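These notes are about the structure you will find just below.
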Amino acid sequence: MRVLEIIGICVVALLVVLLAIFLRRRLLMAGGGTIRLQVRVSTMVPGRGWSSGIGQFVGDELRFHRMFSFGVRPKRVLNRRTLAVGCRRLPAGPERLTMPGHWVILLCTTGRNELEIAMAESTVTGFLSWLEAGPPGQPGSVAPRPTITPRPVER
């Protein structure tokens, strides 16, 4: 009888954990402006180190939340002002096993750091539009003209 109680408690605990992860994911996606993506967190083994998650657009930031995590805070925050996309490629080697075939990998730079992001091909267009639609003053954009203030008239 004691063994059945322990097994029952373990099953209930597992169900509570799965429910908590599911509800967290639902809450993140309920606000809108979210996409499914993967971020390479480790480059020690070629083709490995990808982490699945949810990207949330909030103002000038893309916040990456891991898919299977209890954390409320994002794992990474990418600022639109410092983010630039270098090149794009299709998954190769072991990457083809970890992500769907219609996904594209983008090599991005954030300041001095390089970062690889993978997302669906249809999502890339929206991501690049969000990236290009930033406010004036972005790197590579034309600086605003100086404002000319009129001189006070002397009498």
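What follows draws every value from the coordinates through simple rules; no lab data is involved. Keep in mind the model is a prediction, meaning the values are calculated, not measured.
Translational D (Stokes-Einstein, µm²/s) of segment 25-78 at 20 °C and 1.002 mPa s when Rh comes from the Kirkwood sum over C-alpha pairs? Result for D is 184 µm²/s.
Normalising by residue count, segment 50-135 has a Cα convex hull of 99 Å³ per residue.
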